[in-house]
Amino acid sequence: MADRRGAFTVDENTLVLGIETSCDETAAALVMGGFDVASSVVSTQVDLHAQFGGVVPEIASRAHLDMLNPIVAQAIVEAGVQEGRIDAVACTIGPGLIGALLVGVSAAKAFALAWDVPFIGVHHHEAHLYSAFLEDPSLEFPLVVLLVSGGHTMLVEMHDHGVYRLLGETIDDAAGEAFDKVARFLGLGYPGGPAVEREAADGNPEAIAFPRAMLNDSLDFSFSGLKTSVMNYVRKHPDVSSSDVAASFQAAVVDVLVAKARRAAVQVGAKGLVLGGGVAANSQLREQFLEGCVVDGIRGFLPSRSMCTDNAAMIAAAGWYRLRRDGPTPLDVGAYPNLRLPFIL
Ligand code: KG4
Ligand code: ZN
């Protein structure tokens, strides 16, 4: 429990308010002890951005401003606690859209000051790494995490809490970005990942042999060639079924992601393989990922879909571990659109 007079300990009763505003979800959550989710509220701006086919930064910032206080209030009410019970406030400080980040960071600092509790700046991707611990804190290290979101695609070795090694990352488009771009090209709408998945459900994944960029033995990824190949194919075959294109594209992405994740786990001698990030909500990826883990005899862990996409419970969880390890973040920390995850292994 936090001691508001200064020194504090971080334990299973420490209640952290998490705040997430890095992109187009305004989210707040209360999490105790790094894993016990007392409430998790996510307000998505998807409808506001859909007509533009992507996130409009200025609209995102204004919507965060409108929504953040009510969402924090709802998280507190749903958790059934008084404000005074909150021991620390954690917030995403990057990477993300600068205006969107600033709304969350300013609010989180204000709450921390007003309640006289520690502020914790959280890296958005570190939080995605922690979504698995929210549901199974007993996961053992070393873990390999395949983090697949709209902005990033990376394989990370988690050696211990806060101790990471980057094993590979995309050299061009992120996997989610490829889903979004292909969805836009096929006229399937926004956000692209779920739209492609829906369209693919009626298609044949073997209809078109799109390329799988394996980049030799590397654990890096490349998806821009695949995206171009989808566009070229559709231009050459205008009557092709878009379900077949969606299913064949999805199969190509999933094959590469799963193959590289399995390879990484073997190389590291991992005790577990974990999925994270928005693309981890994809059913085909989830299924093939778990099948691969069974074949390799390694423990596979899939966070629930609501914990894969952006949420504040993962921010609060990562914040709890960060607070326990490093203590509070100084209040002069800013918001950083291009923040890199500190890889210290
Ligand atoms: O982690 P996230 O919610 O936000 C970022 O930090 O980027 O990930 C969003 C990305 C988007 O590109 C979205 O299209 C993709 O995750 N996504 C999916 C699915 N659901 C979301 N991609 C494939 N299949 C899905 N079901
Ligand atoms: Zn994310």
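Decide, for segment 66-216, between rounded, prolate and oblate: order the square roots of the alpha carbon gyration tensor eigenvalues as a ≥ b ≥ c, take rounded if a/c falls under 1.5, and otherwise choose prolate if a/b is larger than b/c, else oblate. It comes out prolate by the Cα gyration axes.
The calculated FRET efficiency for ASP326 paired with ASN232, based on their beta-carbon distance and R0 = 51 Å, is about 0.55.
Just want the answer: with Cβ charges of +1 for Lys and Arg and -1 for Asp and Glu, which residue in ALA200, TYR164, GLY292 is farthest toward the dipole's positive end in the chain? Positive-end residue among those listed: TYR164. Close amide-amide hydrogen proximity is noted between GLY277 and VAL148, each under 5 Å apart and 5 or more residues distant or on a separate chain (H modeled in the peptide plane; Pro and chain starts excluded).
Neighbours of ALA246 by Cβ distance under 9 Å: Lys/Arg scored +1, Asp/Glu scored -1, total -3.
Across the alpha-carbon atoms of segment 26-93, the computed radius of gyration and Dmax are 13.9, 42 angstrom.
Here the Karplus relation 6.51 cos²θ - 1.76 cosθ + 1.60, evaluated at θ = phi - 60°, turns the backbone of segment 13-18 into coupling constants of 9, 5, 9, 10, 8, x Hz, with x for every Gly and Pro.
The Cα trace of segment 138-306 gives Rg and Dmax of 15.7, 51 Å, the first to one decimal, the second as a whole number. Amide H to amide H distances under 5 Å link GLY168 with LEU155, where only residues 5 or more positions off or on other chains count and H is placed in the peptide plane. For the set PHE185, PHE210, solvent exposure ranked by accessible area (probe 1.4 Å, protein chains only) runs largest to smallest as PHE185, PHE210. Note on segment 108-123 and segment 286-345: Cα centroid distance 20 Å, given to the nearest whole angstrom.
Remark: segment 179-193, residue by residue, has Karplus-estimated 3J(HN,Hα) of 4, 5, 5, 5, 4, 5, 4, 7, x, 8, x, 10, x, x, x Hz, where x stands for each Gly or Pro and the curve is 6.51 cos²θ - 1.76 cosθ + 1.60 at θ = phi - 60°. Counting only alpha carbon atoms, the long axis of helix 224-236 and the longest principal axis of the chain meet at about 40°. Computed on protein heavy atoms with a 1.4 Å probe, the accessible areas place LYS271, LYS181, LYS109 in the order LYS271, LYS181, LYS109, largest first. For segment 138-306, DSSP calls about 55 percent of its internal beta bridges antiparallel.
Given axes a ≥ b ≥ c from the Cα gyration tensor, I'd like to know whether segment 258-325 is rounded (a/c under 1.5), prolate (a/b larger than b/c) or oblate.
Numbers: a/c = 2.85, a/b = 1.45, b/c = 1.97.
It is oblate, given that a/c is not under 1.5 and a/b is not larger than b/c.
For LYS227, the lysines whose Cα comes closer than 27 Å to its Cα, not counting residues fewer than 8 places off in the same chain, are LYS181, LYS236, LYS260.
Dipole of segment 53-161 computed with +1 at Lys/Arg Cβ and -1 at Asp/Glu Cβ about the Cα centre; of PHE119, LEU147, HIS64, farthest Cα towards the positive end is HIS64. Heavy-atom accessible area for THR170, with the other protein chains in place and a 1.4 Å probe, reaches approximately 30 Å². The angle between the Cα long axis of helix 283-296 and the main principal axis of the chain comes to about 90°, on a 0 to 90 degree scale. Averaging Cα coordinates gives a centre for segment 223-240 and one for segment 138-170; these two points are 31 Å apart. Solvent-accessible surface of protein heavy atoms, probed at 1.4 angstrom with all chains present, puts PHE133, PHE8, PHE35 in the order PHE35, PHE8, PHE133, largest first. Put a plus charge on the Cβ of each Lys and Arg, a minus charge on the Cβ of each Asp and Glu, and nothing anywhere else: the dipole of segment 138-306 about its Cα centre is then about 80 debye. Karplus-derived 3J(HN,Hα) values for segment 112-124, using 6.51 cos²θ - 1.76 cosθ + 1.60 with θ = phi - 60°, are 4, 5, 5, 8, 6, 10, x, 9, 10, x, 10, 7, 4 Hz; glycine and proline are entered as x.
The values are calculated or read from the model by the stated rules, or taken from the named source; none is laboratory data. Since we're looking at a predicted model, the values are computed, not measured. When we count neighbours, we look across all protein chains shown, and the Cβ atoms used for this are built from the backbone with ideal geometry, even at glycine. Only protein heavy atoms, including side chains, enter the accessible area calculation; ligands, DNA and RNA are left aside. Shrake-Rupley method; radii C 1.70, N 1.55, O 1.52, S 1.80 Å.
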